[in-house]
Structures are given as structure tokens and as C-alpha cells.
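Here's the structure we're looking at; comments come further down.
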């Protein structure tokens, strides 16, 4: 979601708010039911992320969009990765909605939400869903919340803490220390990065969660780091770096308290550090524009004057030459 619910993030700006649209739909002719959550960034005026699921079981429609956003989100994400849905239809809808709400329609949807035009908003969504569902008999019910990025991060952090505490209750001390491991890809910086074997425990580096596995996709959506269909890089704390008998390097890093990322590299590569990532982002914000209207106007004025003087000199030379000749 750079986005939606990740630790190690810099302080958010005061105006960093989201409109979170929650909804359910049913297509009567094809007996299809679904839920969706759309995250619309207020300042950037566009859809930053969305999650949708669909099934032919009517029980899916029992989930009320008026449920608080974090509970509704948890329902959608959990059902998606438990497999309690129609996988192919869900993936098709995910792709179709992402492309449909990418530009003008996403902006239009946000304006309807901000102006409380629920009928127009639901009509827009119905017109979009008709094609992938092959159904003109669609009913959509929605609700929306206006939430700050800080609130999103805080609520998710508290929710994850409760999950970790719940998973440890009733277990032995050894069982409570177990962590889930998912595959990640290291973000490289060939020139300015830190060599792999120079990393120390506690260093914060940049990685990407690999989306090939079900668990990887689950955490990508749970952490909100799928933006416009792409997986964005995220910070992680180095836990261990080791070299295997085959010469490959294995790096373990902590994404969350009970979530470990594992990356395997066959060469001694250089890794992008989190501090370097922040510095790069700051530099991009501070780069001055190459376009300077005052400077460009001055340049055009000089060219015009020079051209005029040259024309007068050539004209004078021609007149003098013809005068002498005759």
C-alpha cells in the first residue's frame, strides 16, 4: 500500500488521509457474491490500493460494509488467503478493477465519496463490474470512512500485537518463539550499497516480498505494499547473514515481530540500506526544476535582439554594395 500499514516509515504528513471504501455486491444472473475494499489517497486524488474477493456462496454477502474498516479489511484478507473464495474469478476481478480505477474513474469515484453522492458512486461501480461478471443484474452496497495514515498504521500495529499475543497464549515458551518465514528479494545498490557480508544484526535494509507464494501474497496485502499492481520495497531489520557450503549467502531479516524474511544470493552483492532509501527520497523532493521561466525569457530576448542587429547589418552592407556598384 510505500503504502498503507508498514513499520519503519518516516513521519507522515498532517494531510496524509485516505477515504476507505468498503462494499459488497451480488450478481443475480450469475449467482456471484463479493466484497471489496478500496483505498483512495486524498492528497494524490487517486486509488492507491484495493482488495476484492468473489464467490458463488451467498454467505459472503452477509458481511456488512458498515463494519469498521479494519474489521472489514481483516475479513476480506483472511478469506482471500484461506481460499474460501473462487480463485480465478477473484483474480480476474482484482486485475480488472485495478485497471478500471487507475486514472479518471478512480478520481471520479473519490469525488462521489467526498460529496456523499452514494447513488452515483454505486452506479459507477455497477457499470464497471458488469463486464467482468457478465451480468447486468448487479446490486452494490457501500460505506466509506475518512481515515488518517497515522490511524491506519496505529490500528494495524495494535491488531498485529493482539494476534501475536493470542498466538502465544496457551503455548510453551519454546512454541511462542516460533516465527513464520517468507521469501524476500534484496533491493540492490551496486555503487552506493553496503556489501552483504558487512551487514550487522540490527541494520535496516530494503527488501521486497516475493509474491509467488500464497503466504507471500497474504502478507503483501496485509501490510498494504501492493501499489498499482506492483510490490513496493519495504524496510526490514537484519537478523543473520550466513554462507552455505555451495557458496551462496542466506540473509534473514525481520519484517515484523513474528515474521521473518529470507533471501538467498549467489554473489557478494551490495544492499540498499534504509537510510540511503530515505536520503534518496529526500533528494528527489529537493531537486530544483530545470525549467526557469525568467531565465528562459531573458534568453529569448537576447536571441531576438542579436538576430535583429544582424539583419540590420546585412541590410546596410547590401545597400552600400549596390551603391558603389552603380
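Observations on the model:
- Taken together, 119, 52, 77 contain a single residue that is part of a helix (DSSP H, G or I), at pLDDT below 95 and closer than 23 Å to residue 229 by Cα, which is 77.
- Top-ranked residue of segment 130-155 - restricted to ones that are in a helix (DSSP H, G or I) and either modelled with pLDDT of 95 or more or touching a helix residue (DSSP H, G or I) at 6+ places or on another chain (Cβ under 7 Å) (or both), ranked as nearest to residue 43 (Cα to Cα): 155
- As a summary of the residue check, residue 1 satisfies the conditions (1) at pLDDT below 90; (2) part of a helix (DSSP H, G or I); (3) surrounded by 14 or more Cβ atoms within 10 Å (Cβ to Cβ) except for the one numbered (2).
- Yes/no for residue 272 being closer than 11 Å to residue 186 by Cβ and surrounded by 16 or more Cβ atoms within 10 Å (Cβ to Cβ): yes
- Selection within segment 92-106 - in a helix (DSSP H, G or I), surrounded by fewer than 15 Cβ atoms within 10 Å (Cβ to Cβ) and out of contact with any helix residue (DSSP H, G or I) (no Cβ under 9 Å at 6 or more places or on another chain): 99, 104
- Identity of the residue in segment 80-91, crowded, with 17+ Cβ neighbours inside 10 Å and closer than 22 Å to residue 40 by Cα, that ends up modelled with the highest pLDDT: 90
- Residues of segment 165-177 that turn out to be part of a helix (DSSP H, G or I), at pLDDT 55 or above and either loosely packed, with under 14 Cβ neighbours inside 10 Å or touching a strand residue (DSSP E or B) at 6+ places or on another chain (Cβ under 6 Å) (or both), as a count: 2
The values are calculated or read from the model by the stated rules, or taken from the named source; none is laboratory data. All of these numbers come straight from a predicted model, not from anything done at the bench. Glycine gets a Cβ as well: all are built from the backbone with ideal geometry, and neighbour counts include every protein chain shown.
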